[in-house]
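The values are calculated or read from the model by the stated rules, or taken from the named source; none is laboratory data. This structure is a prediction, so every number in the text was calculated from the model and none was measured. Cβ atoms come from the backbone with ideal geometry, glycine included; neighbour counts cover every protein chain shown. Accessible surface areas use protein heavy atoms only, side chains included; no ligands, DNA or RNA. Shrake-Rupley method; radii C 1.70, N 1.55, O 1.52, S 1.80 Å.
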Amino acid sequence: MNPVSLLARLGRTALAGMAAVGRAALFALGAFSHMVRPPYYPRELLQALLNIGWLSLPVVGLTAIFTGGALALQIYAGGARFNAEAVVPQIVAIGMVRELGPVLVGLMIAARVTSSIAAEIATMKVTEQIDALVTLSTHPMKYLVAPRVLAALVTVPVLVGVGDIIGIMGGYTVAVQNLGFNAAAYLKNTVDFLEPLDIISSLVKGAAFGTIAAMMGCYYGMQSGRGAQGVGRATKGSVESAAVLILAANFVLTGVFFSL
């Protein structure tokens, strides 16, 4: 291939990527601005709180309890190689609270909520329901996007907190029932080892991941192409982008809290 045409192709790809990032950033700024300006739609917000928060509890709980139990087994097996089995309570607690809890909840929300939001809004666009909202003098960003982003911002930290507790209890159950740990000593070590900064970092990550998940679902839904293929591409792209951005944000936030 001609080097000039190769550079031109790379340049077009880079410019297209930068343009996509810019469109997403402007979309996010617009969503945040509509969240703080009236009119508000409390019914849409309550529905989003129910869908994102309450209905996500089963998948979050199951993911957390199995992860906590498996983490306890793996730490015990690794610690046994150098006679450090006693660190299981501490490592399970900090691993779930600082890292695994927020990330796994974020990815579950991306899989469940982001795809749902993207498919719903994309279908509304294909069936011209969004055009109908504009005709009725209702701003789609304010009616469709702002309530969902606000609901995710509020509920996902709560889900992360619940997931952390369930994950720790999963490790506790495995450690006490299968590994011979004393129940009271396990809980005391867990409580004594965790610090307020651990919990704060977990909740901040939850808020960031929830915002990313809802924002990507809304963005790809609003940018959807026409027809069934457009809905499918929007759904797929929203989940992929949300998952990658959640992992990238986790790295950045971990670095920020590590330096504190």
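Given points 7 Å out from each Cα along the Cα-Cβ axis, report the Arg12 to Val154 separation in nanometres with one decimal.
Computed distance between label sites Arg12 and Val154 equals 4.7 nm.
Please work out the average accessible area per residue across the chain, using the 1.4 Å probe convention, and give it in Å². Intermediate values should be presented prior to the final figure.
Working: 13530 Å² over 260 residues.
Ligands and nucleic acids excluded, the result is 52 Å² per residue.
Want the number for Ile199 to Arg37: 0.36 nm per residue separation, take away the alpha-carbon distance, what's left?
Numbers: separation 162, 0.36 × 162 = 58.32 nm, distance 3.11 nm.
The span from Ile199 to Arg37 would gain 55.2 nm if fully extended.
Less than 19 Å apart at the alpha-carbon level, and either on another chain or at least 8 residues along: which lysines does that give for Lys236?
Lys125
Mind giving me the FRET efficiency for Leu253 and Thr127? R0 is 45 Å, r the Cβ-Cβ distance, nearest 0.05 is fine.
Working: r = 38 Å, r/R0 = 0.85.
So the FRET efficiency works out to roughly 0.75.
Assuming R0 = 35 Å, what is the FRET efficiency of Ala86 and Leu62, from their Cβ-Cβ distance, to the nearest 0.05?
On the way: r = 29 Å, r/R0 = 0.81.
So, using R0 = 35 Å, E works out to roughly 0.75.
If you average the sequence gap of Cα pairs under 8 Å that are 6 or more apart and divide by the length of the chain, what percent do you get for the contact order?
The normalised contact order for the chain reaches 30 percent.
List the aspartates and glutamates whose Cα lies under 19 Å from the Cα of Lys205, skipping any in the same chain that are fewer than 8 positions away.
Lys205 reaches Glu99, Asp164, Glu195, Glu240.
Between Arg23 and Asn178, what is 0.36 nm times their sequence separation minus the Cα-Cα distance? Round to one decimal in nm.
Numbers: separation 155, 0.36 × 155 = 55.80 nm, distance 5.22 nm.
Roughly 50.6 nm would be gained on extension.
If we restrict to alpha carbons, what Rg and Dmax does region 100-235 come to, in Å?
20.1, 66
Could you tell me the calculated FRET efficiency between Gln229 and Leu55, based on Cβ-Cβ distance and R0 = 25 angstrom, to the nearest 0.05? Can you show the working numbers first?
Values: r = 28 Å, r/R0 = 1.12.
Efficiency, from the Cβ-Cβ distance: 0.35.
Which entry in [x] 152; [y] 183; [z] 170 matches volume of the Cα convex hull per residue in Å³ derived from the coordinates of this structure?
It is the one labelled [y].
Please report the carbon-and-sulfur percent of the accessible area for region 1-96; probe 1.4 Å, protein heavy atoms only, DNA, RNA and ligands left out. It would help to have the intermediate numbers written out before the result.
On the way: 4500 of 6150 Å².
Of the solvent-accessible surface of region 1-96, carbon and sulfur hold 73 percent.
I'd like the distance between the alpha-carbon centres of region 149-183 and region 106-122, rounded to an integer number of Å.
That distance is 23 Å.
Mind checking which of Val105, Leu10, Leu45 is farthest towards the positive end of region 1-155's charge dipole, using Cβ charges of +1 (Lys, Arg) and -1 (Asp, Glu) about the Cα centre?
Most positive-ward Cα: Leu10.
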